[in-house]
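Below is one structure, written out as structure tokens; the observations come after it.
Laboratory data are not the source of any read-out in this text; all were calculated from the coordinates shown. Remember, it's a predicted structure, so these values are computed and weren't measured experimentally. Cβ sites come from the backbone with ideal geometry, for glycine too, and all protein chains shown count toward neighbours.
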Amino acid sequence: MVGRWCARIRGVPEPVTLPADVVSDRSLASVTPISGGSISQVFRAQSPDGPIFVKTMDDPPVDFFAREAAGLTALRATGAIPVPRVLWHTPLALALEWIDHPDEGNAASVSNAEGAEVFGADLAALHAHHGEAFGTVDSRTRGYLGSVPLDLRAREHWPQVYLEQRVMPLVRQTVAANGLDPAALAVAEALTGRGEAFWGPSEPPSLVHGDLWHGNRVVGSDGRHWLVDPSAHYGHRELDLALMRLFGGFSEATFSAYMEVSPLSPGWQERTDLYQLAPLLANILMHGGSAGRRVMERLTRLA
């Protein structure tokens, strides 16, 4: 949940110089701040091979950009959906291929119905890539949702992963940060004993974006929809669909196209509350605000 990646320049700022320890002495010219990035600083830079996208952070968590690079690489390797190529990363920065964007006033490209439908079908194709277990995309077990650490140790059963490694740790952290009523702990614990009627039919681990709100989907000038800023792992595909509905910004044409290719199991509407818990909790931890009430409402409905 890093913030929208846009190509629009913030006014007409003077180019800046990124410190050598950020970019490891790579040759970059015309480094210009661009809009987007609520926890990172983002830039358009000129490399010897053309324009690139660079994002940096003053004091990133351990392996933050390395894990983002691994997620992008895993998503791109499927060939199922457009994902920018990782050019390089350092402990303080990540560089990606540049995606040309439509002009700010060119609403026709951004709202193109055909592009929205293609994106829905592409997302279904991405989710058709399965892993052997629920968890990491590689041998590393650390992940991030935004800047919030996640435990991505591989497990055989999805409820274990989602409740024990995702929801309960985030609930505890949010209560400790005074962002959530302590009563949420007992309510969340009660979910651990729920059976198939609650979770729906079991599904194989799908490769998911993991943080698919509208700011992490970029519409290029050609109308194609690209995925950026992932929290990629093998999880339940309903995670992506639930988060897409949490903050809006996706066309119903996208959901319809997805369902036509790969329908969700019955009861998915009721499970949306469940799969919106983790992103809401992470949002509180990163940004504060009043989302604690929304979390309690969802927990109460689920219990």
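Here are a few things to note about the model shown:
- Computed helical MRE - 222 nm, the chain, DSSP H runs ≥ 4 contributing -39500 (n - 2.57), nearest 500: -10000 deg cm²/dmol
- Computed on the chain, with alpha-carbon pairs under 8 angstrom and 6+ residues apart, the relative contact order is 20 percent.
- Considering only L126, L264, L280, the Gaussian network model of the chain with Cα springs below 10 Å gives its largest mean-square fluctuation to L264.
- Proximal charge balance of V261 [Cβ under 13 Å; K/R count +1, D/E count -1]: -2
- Label positions at S251 and R140, each projected 7 Å from the Cα along the C-beta direction, are separated by 3.5 nm.
- For segment 209-217, Karplus couplings with θ = phi - 60° (6.51, -1.76, 1.60), whole Hz, Gly/Pro x: 5, x, 9, 8, 8, 5, x, 9, 10
- Under the simplified labelling scheme, the M296-S24 pair shows an inter-label distance of 4.8 nm, with each label point 7 Å from Cα along Cα→Cβ.
- For Rg and Dmax of the Cα atoms in Å, the value computed from the atomic coordinates appears in the list (1) 20.3, 69; (2) 27.5, 109; (3) 19.3, 58 under label (3).
- Residue order for V261, V295, fewest other beta carbons within 10 angstrom first, comes to V261, V295.
- Dipole magnitude of segment 200-303 about its Cα centre (Cβ charges: Lys, Arg +1; Asp, Glu -1), debye to nearest 20: 280
- The Cβ shell under 10 Å around L145 holds other residues with a net charge of 0, Lys and Arg each +1, Asp and Glu each -1.
- Cβ crowding within 10 Å averaged over residues, with 247-253, 51-57 ranked highest first: 51-57, 247-253
- Calculated from backbone phi, Karplus (6.51, -1.76, 1.60) coupling profile of segment 172-177 in Hz, x at Gly/Pro: 4, 5, 6, 4, 4, 8
- The value of relative contact order for segment 20-97, using C-alpha pairs under 8 Å at least six residues apart, is 29 percent.
- Local electrostatic count at M57 - Lys and Arg +1, Asp and Glu -1, tallied over other residues with Cβ under 14 Å: -4
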